[in-house]
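All remarks here apply to the structure that follows.
Each value in this text was obtained by applying a stated rule to the coordinates, not by laboratory testing. This one's a predicted model, so the numbers in the text were calculated from it and none came from an experiment. Cβ sites come from the backbone with ideal geometry, for glycine too, and all protein chains shown count toward neighbours.
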């Protein structure tokens, strides 16, 4: 039977192999996302998993011993001796389940620490990447939370069972849900780091020349400019973080609207210019927005003439 520790290790190996060759394993990279205190908590969780493994090994050994005792009891012809032998086997089995339950509770303790740290950290990191990867990451977070909630429900049901065997049945099911939840979080980390790595290996390049002068609409006298939005976040992103994600792009404007920080590039006099700049950036999810007299318009069609649009966009 695979232990939780072995399951996590296998998950890490599989997911690490999906990334480009690096000097660090996925586990090392994940660890670097946490401060010293949090790293200490991660270390304690891993130690707790080892303690759980020891209890589980003892329990499994006793279960095997109990099965042997039952088989031997069946060969005894005298009923009194057979009954006594079966009682001994039952005692061994009860002791086995006691160890298995203790091990499972250790796993519950460790998995709760891992889940809470990973989940909180990933929730913050999600704001640093953009569609479609951001949606994939958030979907995995939701699935992980649902799985961990099911684990809690199984743990609760275990406490209501009379026999140790029945208790362990629910604890074991909870372990499976916890394993699934943590594996989903590790998968989310893999998506995040893979995206960051892609951006570092193939950084977008754009023309850094000074932006052209603003355009005056000859029909209305309004000042119309176009910009390319490349990112949006609920929390402000530091210049360091932006440089990590977009090494060769200089953010020209930051708008705060409806609780969102919106990061934009350039000031272009026509939709065509903005479109060509967007193509050079090669940033997934980037799109063109328009400003009229310094204010962002809700629908770009309010100010953009059809002849200014490129033939294919």
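A few comments on the model shown:
- Using all pairs of distinct alpha-carbon atoms, the Kirkwood hydrodynamic radius of the range 4-201 works out to 18.9 angstrom.
- The packing ranking of peptides 126-132, 166-172, highest mean first, is 166-172, 126-132, where packing means the average number of other beta carbon atoms within 10 angstrom of each residue.
- The simple Förster model, with R0 at 45 Å and r as the Cβ-Cβ distance, assigns residue 109 and residue 82 a FRET efficiency of 0.65.
- Compactness of the range 137-203, expressed as Rg and Dmax over alpha-carbon positions, Å: 17.0, 61
- In this simple spin-label approximation, residue 91 and residue 256 carry label points 7 Å from Cα along the Cα→Cβ vector, and these lie 7.2 nm apart.
- All-pairs Cα distance distribution in the range 57-114, expressed in whole percent, bin size 5 Å: 4, 21, 21, 15, 13, 9, 7, 4, 3, 2, 1
- Residues within the reach of a label modelled at residue 43 (point 7 angstrom out along Cα to beta-carbon, backbone nitrogen below 19 Å), restricted to the range 92-122, are 110-111, 113-115, 117-118.
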